[in-house]
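Beneath this line is the structure, given in structure tokens, with notes to follow.
All of the numbers you see were taken from the coordinates with simple rules; none came from a lab. Note that the coordinates shown come from a computational prediction; the quantities given were computed from them, not determined experimentally. FYI the Cβ positions are ideal-geometry reconstructions off the backbone, even for glycines, and counts take in every protein chain you see.
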Amino acid sequence: MQALERTKPLLPLGFGYVEGVTHDYKRHGTTTLFAALDVLTGQVLAQCKPRHRHQEFLSFLRAIEAAVPTDLDVHLIVDNYSTHKHPKVKAWLAARPRWHLHFVPTYSSWLNLVERFFALITGRAIRRGSFRSVRELIQRIDHFVANHNADCKPFVWTATADSILAKLQRLSMRISGTAH
């Protein structure tokens, strides 16, 4: 996530037009948000790290390990980013039989419910923000996560498999040029 400082304030909503955001900004750096979602409760464990390497990922896995009761298995759903497949990550996971890694197919991030949380935090706390530093961005993220966890609810799938497959069929027809 980028700490972007807008050069001008947001233009307010008005009758007949939407809120305006200037395209000019100063970039003050980035942070990487690692997040784990408890699908049963909707609670999120989140940490911001300066980079997205295997060292930071292992640090986050250790935080999950400490937070999840030892009698429970941990099912971790991740994308195919190389950090998740690093030899040191594999070795750490191999030493912990309660951990199970599941990789979503390429271009299928929507199958991972934590991505729904990422969309929520982006839409409600980040996208329209203006941050003078990475520290300010991290404070906003931490504040959002704390508020989310204070009154969290599990995310619920509302689309049926049939509706998703029908949407894919329509898309396929448009792409192939068979639908007008």
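How much mean residue ellipticity at 222 nm does the chain get from its helices, if each DSSP H run of length 4 or more adds -39500 (n - 2.57) and you divide by all residues, to the nearest 500 deg cm²/dmol? All intermediate terms of the calculation are to be shown ahead of the outcome.
Numbers: 5 runs with 63 residues, N = 180.
Value at 222 nm, helices only: -11000 deg cm²/dmol.
What net charge is computed for the residues neighbouring Asn149, neighbours being all others with C-beta under 12 Å from the C-beta of Asn149, Lys and Arg scored +1, Asp and Glu -1? Before the final figure, lay out the partial values.
Numbers: positive: Lys153; negative: Asp38, Asp142, Asp151.
Here the charged neighbours net out to -2.
Tell me, what is the percent relative contact order of the chain, built from C-alpha pairs under 8 Å that lie six or more residues apart?
On the way: 208 pairs, mean separation 45.2, N = 180.
This gives 25 percent for the chain.
At 0.36 nm per residue, and after removing the present C-alpha to C-alpha distance, how many nm does the segment from Gln2 to Asn149 gain when stretched out fully?
Values: separation 147, 0.36 × 147 = 52.92 nm, distance 2.32 nm.
Length gained, Gln2 through Asn149: 50.6 nm.
I need Trp110, Trp92 ordered by Cβ neighbour count within 10 Å, fewest first. Working shown, then result.
Numbers: Trp110 12, Trp92 17.
Fewest to most other Cβ atoms nearby, the residues stand as Trp110, Trp92.
Just to check I understand the Karplus step: with θ = phi - 60° and J = 6.51 cos²θ - 1.76 cosθ + 1.60, what whole-Hz values come out for segment 113-130, glycine and proline as x?
Working through the residues one at a time gives 5, 5, 5, 5, 5, 4, 5, 5, 5, 5, x, 9, 10, 10, 3, 8, x, 10 Hz.
Quick check on segment 30-148: of the DSSP beta bridges with both residues there, what percent are antiparallel, nearest 5%?
On the way: 6 of 11 bridges.
DSSP beta bridges in segment 30-148 are roughly 55 percent antiparallel.
Ranked by Cβ crowding within 10 angstrom, fewest neighbours first, how are Val78, Val156 ordered? Before the final figure, lay out the partial values.
Working: Val78 16, Val156 8.
Going from sparsest to densest Cβ surroundings: Val156, Val78.
Within a 10 angstrom radius of the beta carbon, how do Tyr107, Tyr25 rank from fewest other beta carbons to most? Let's see the in-between values first.
Numbers: Tyr107 8, Tyr25 16.
Ascending Cβ contact count within 10 Å gives the list Tyr107, Tyr25.
For His28 and His86, what does the FRET efficiency come to when R0 = 41 Å and r is the distance between their Cβ atoms, rounded to the nearest 0.05?
The formula returns an efficiency of 0.90 here.
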